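Here is the structure we will look at, set down as structure tokens.
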Amino acid sequence: MSLIHYKIVQHDGGWAYKLGDVFSEPYRSHAAAMAAARRVAAEQRVPGETRYIQYQSEDGVWHTELAASTDRPQADVLE
């Protein structure tokens, strides 16, 4: 199981949560961004459906694999 960290940062005149290099929409307050990040982190843990997925790797090769519904990351929020 992988572990992902959402971070709360100042962004675009407000606050946002960030995963890697990707920012959420801006929120007016740190508390609002924190609440949104916690909600998103909780949603990461909800199992979905087992199904085949396709994705393109950085080298341009397409891959197909079976994604298990229980293969969900652990997610947390860092301030």
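Estimated from the Cβ-Cβ distance and a Förster radius of 30 angstrom, the FRET efficiency linking residue 55 and residue 30 is about 0.35. Remark: relative contact order (the chain) = 36 percent; criterion is Cα-Cα distance under 8 angstrom and separation of 6 or more residues. Quick one: helix 30-44 against the long Cα principal axis of the chain, what's the angle to the nearest 10°, folded into 0 to 90? Computed tilt is about 20 degrees. Each Lys and Arg contributes +1 and each Asp and Glu -1, all at the Cβ; summed about the Cα centre of the chain, the dipole is approximately 380 debye. Multiplying the residue separation of residue 23 and residue 79 by 0.36 nm and subtracting their alpha-carbon distance yields 18.7 nm.
Among bridges DSSP assigns within the chain, what percent are antiparallel (round to 5)? Approximately 75 percent, going by the DSSP bridge assignments. By the equivalent-ellipsoid construction on the alpha carbon gyration tensor, the stretch 5-45 comes out with semi-axes of 16, 11, 6 Å, ordered largest to smallest. Seen from every direction in turn and averaged, the convex hull around the alpha carbons of the chain projects onto 6.1 nm².
Just so you know, all these numbers are worked out from the coordinates, no wet-lab data involved. It should be emphasised that the depicted structure is a prediction, and the values quoted were computed from it without experimental measurement. Every residue, glycine as well, gets a Cβ built from its backbone with ideal geometry; the counts of neighbours run over all protein chains shown.
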